[in-house]
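Participant: This is the structure, below, for whatever I ask next.
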Amino acid sequence: MRAAYKRWLAYAAVLALLLAVFALYLRPDFMLTLADQLWACF
């Protein structure tokens, strides 16, 4: 039972992280900053 609980908790944490990342992509200012930082590497 404990292993199943830990697995469910890990899946919930990964899902929360993915939702947070996808929410950032909906913000145009974040996308512009990310593109500028990526372009600065070259």
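No value in this document is a laboratory result; all are computed from the given coordinates. In this text the structure is predicted, and so the values were computed from the model without any measurement. Every residue, glycine as well, gets a Cβ built from its backbone with ideal geometry; the counts of neighbours run over all protein chains shown.
Participant: Give me the number: length gained by fully extending residue 23 to residue 10, i.e. 0.36 nm times residue separation minus the C-alpha to C-alpha distance, one decimal in nm.
Facilitator: Gain on extension, residue 23 to residue 10, equals 2.7 nm.
Participant: Points 7 angstrom from Cα along the Cβ direction at residue 2 and residue 33: gap in nanometres?
Facilitator: Once both label points are built, they end up 4.1 nm from each other.
Participant: Oh, and also: Hey, any idea what Rg/Rh is for the chain, computing Rh the Kirkwood way over Cα pairs?
Facilitator: My calculation puts Rg/Rh at 1.30.
Participant: Per-residue HN-Hα couplings for the range 26-34, Karplus 6.51 cos²θ - 1.76 cosθ + 1.60 at θ = phi - 60°, whole Hz, x for Gly and Pro?
Facilitator: Once rounded to whole Hz, the list reads 7, 9, x, 5, 5, 4, 5, 5, 4.
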